[in-house]
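Below you'll find the structure, written out as structure tokens, and then a few comments.
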Amino acid sequence: MTRRGSAQRAWTTAEIDRLRDMAGRIPVREICRNLKRSRKSVEHAAARLGLSLRCCRTRLVWCDECATWRSALDRDGRCRVCRMREQLAGREAACAEALAAMTPEQRAVYAESEALRATRRFDARPRPAKRESCPMSRYERDKAQAEYLLDLEKWEYRRLKLPYDAAKTRLRRMREVTGTNPRKK
Ligand SMILES: [Zn+2]
């Protein structure tokens, strides 16, 4: 359905400014709704102004706890990095508790067995770096930014997950020494 009147309505300077601001940042459908113009009209104007309407669709969500854009949040509104940080703290507390509950003899046995093991090597991957480049369009810039944030999330998660797994193993060994592994009962 094309209405001749609306198709030919001239673009005001204010509308052009708004189009420049929205192009590539929000989906075309929303731009049309915002400007109360047809898709054809918006596409024409964008082409005339040399603006790309291609919009980065990688959706990130804001985690209040770490004040960062993340891939997803759980039901409590926390990202997986924040959740893992808490789980790691819980596991480390459990390790400290288990160690405190040991008799001096058990502690000696445990310390000896730990000392015999090779030092755990944590994967020291470098923190992802922001790529310095001059992207052509807002779309490319937003896409690069989203990819960087996702890489960073993966890296931060991993940095917590490795000591978390290590603490889990330590706890298991302590329970082997004290014979209190609840699963073995
Ligand atoms: Zn978070």
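Quick look at the numbers
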quantity: Taking all pairs of distinct alpha-carbon atoms in region 91-184, Kirkwood radius in angstrom; calculated: 16.5
quantity: Per-residue [θ]222 nm for the chain (sum of -39500 (n - 2.57) over DSSP H runs n ≥ 4, rounded to 500); calculated: -19500 deg cm²/dmol
quantity: Tensor-based shape of region 42-144 (alpha-carbon gyration tensor, a/c under 1.5 rounded, otherwise prolate or oblate); calculated: prolate
quantity: Unit charges on C-beta of K, R, D, E only; dipole of region 4-49, Debye; calculated: 220
quantity: Estimated FRET transfer efficiency when R0 is 45 angstrom, pair Gln87-His44 (beta carbons, to 0.05); calculated: 0.25
quantity: Region 32-62: trypsin sites (Lys or Arg not before Pro) in DSSP coil with no more than 13 other Cβ atoms inside 10 Å; calculated: Lys36, Arg57, Arg59
quantity: Kirkwood Rh in Å, taken over all unlike Cα pairs in the chain; calculated: 21.5
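None of the figures in this text is laboratory data; all of them are computed from the coordinates on show. Worth saying up front: this structure is predicted, and the values here are computed from it rather than measured. For neighbour counting, all protein chains shown are included, and Cβ atoms are generated from backbone atoms with ideal geometry for every residue, glycine included.
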